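Colleague: Pasting a structure here, questions to come.
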Amino acid sequence: MAWLYLEAVGWAQDYALANRREMMYLICEALRKKLPKFGITKEAINCHHNYVVREEHFGKSVWITRKGAIRAGEGELGIIPGSMGAKSYIVRGKGNPQSFCSCSHGAGRVMSRSAAKKRFDSDDVDAQTRGIECRKDSGVVDEIPAAYKDIDQVMAHQSDLVEIVHTLRQVLCIKG
């Protein structure tokens, strides 16, 4: 039965890749209408998390499940987001074999969604996301920045796994 699971996961991952490509194409087409002429490099960041893949590690072919993690192979680009109120990072993997060439995929929660909903309200979301264009209603309280770890500390703890290439300042956050 494991092969059936792996086949289904493979199909879902391929489908997600096709969707990411289509979204990128549509975004670039929309931006072309509004921005000065620009080119597209071949160095796209195709970064996903929560997936299964077969890789070689320590001389063996093994199945890797990256749950809450991304691949950080030598020279590979990735993106590590903070919360909806914090900065995010473009990173380049260092290929650390002890981490199976992986790093975190984001800040990570310090509080469950239900605990955040009990502790905070939409006024708190408004205060914690001041200056950022995003929803600030009760439907996003579970994503409030205070429910997440400090992204700078998370990055400091994985400096042996990735190098920071760019720091992105949050200006817009879309939560569906």
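The values are calculated or read from the model by the stated rules, or taken from the named source; none is laboratory data. Given the structure is predicted, the values throughout are model-derived calculations rather than measurements. Heads up, the Cβs are rebuilt from the backbone with ideal geometry, glycines too, and the neighbour counts pull from every protein chain shown. Remember, those area values only see protein heavy atoms, side chains included, never the ligands or the DNA or RNA. Shrake-Rupley method; radii C 1.70, N 1.55, O 1.52, S 1.80 Å.
Colleague: Suppose we keep only residues that are open to solvent by 70 Å² or more (accessible area, probe 1.4 Å) and modelled with pLDDT of 95 or more within the range 64-75. Which one would you say is nearest to LEU6 (Cα to Cα)?
Modeller: In this case the residue turns out to be ARG71.
Colleague: Quick check: anything in the range 14-23 acidic (Asp, Glu), exposed (fewer than 10 other Cβ atoms within 10 Å of the Cβ) and out of contact with any Leu (no Cβ under 6 Å at 6 or more places or on another chain)?
Modeller: Among the residues of the range 14-23, not one is acidic (Asp, Glu), exposed (fewer than 10 other Cβ atoms within 10 Å of the Cβ) and out of contact with any Leu (no Cβ under 6 Å at 6 or more places or on another chain), which makes the answer no.
Colleague: One residue is enough: does the range 30-49 have a residue meeting the conditions open to solvent by less than 70 Å² (accessible area, probe 1.4 Å) and in a strand (DSSP E or B)?
Modeller: no
Colleague: Pull up the range 148-161, narrow it to residues that are among the hydrophobic types (A, V, I, L, M, F, W, C) and more than 14 Å from the chain's Cα centre (by Cα), then point me to the one that is least open to solvent (accessible area, probe 1.4 Å).
Modeller: Only one residue fits best here, namely LEU161.
Colleague: Of the conditions (1) without any contact (Cβ under 8 Å) to a residue 12 or more places away in the chain; (2) outside any loop (DSSP other than H, G, I, E, B); (3) of a type outside the set (A, V, I, L, M, F, W, C); (4) farther than 24 Å from CYS173 by Cβ, THR65 satisfies every one except a single condition; which number is it?
Modeller: (1)
Colleague: Also, quick follow-up: Take ASP121 and tell me if it is among the acidic types (Asp, Glu), out of contact with any Phe, Trp or Tyr (no Cβ under 8 Å at 6 or more places or on another chain) and farther than 27 Å from THR167 by Cα. If you could, list the steps in order and put the result at the bottom.
Modeller: On the way: among the acidic types (Asp, Glu): yes; out of contact with any Phe, Trp or Tyr (no Cβ under 8 Å at 6 or more places or on another chain): yes; farther than 27 Å from THR167 by Cα: yes.
So ASP121 passes the test.
Colleague: Might you check whether a residue that is surrounded by 13 or more Cβ atoms within 10 Å (Cβ to Cβ), basic (Lys, Arg) and farther than 18 Å from HIS49 by Cβ occurs anywhere in the range 124-140?
Modeller: For the range 124-140, residues surrounded by 13 or more Cβ atoms within 10 Å (Cβ to Cβ), basic (Lys, Arg) and farther than 18 Å from HIS49 by Cβ: present.
Colleague: While we're on this one: Just give me the residues in the range 76-111 being polar (S, T, N, Q) and either crowded, with 20+ Cβ neighbours inside 10 Å or under 24 Å from LEU172 (Cβ atoms) (or both), in sequence order. Even if it seems obvious, please write down each step before you answer.
Modeller: Initial filter on the range 76-111 (polar (S, T, N, Q)): 83, 88, 96, 98-99, 102, 104.
The answer is SER83, SER88, SER102, SER104.
Colleague: What is the one condition in (1) hydroxyl-bearing (Ser, Thr, Tyr); (2) farther than 17 Å from TYR51 by Cβ; (3) in a helix (DSSP H, G or I) that TYR5 does not satisfy?
Modeller: Condition (2) is where TYR5 drops out.
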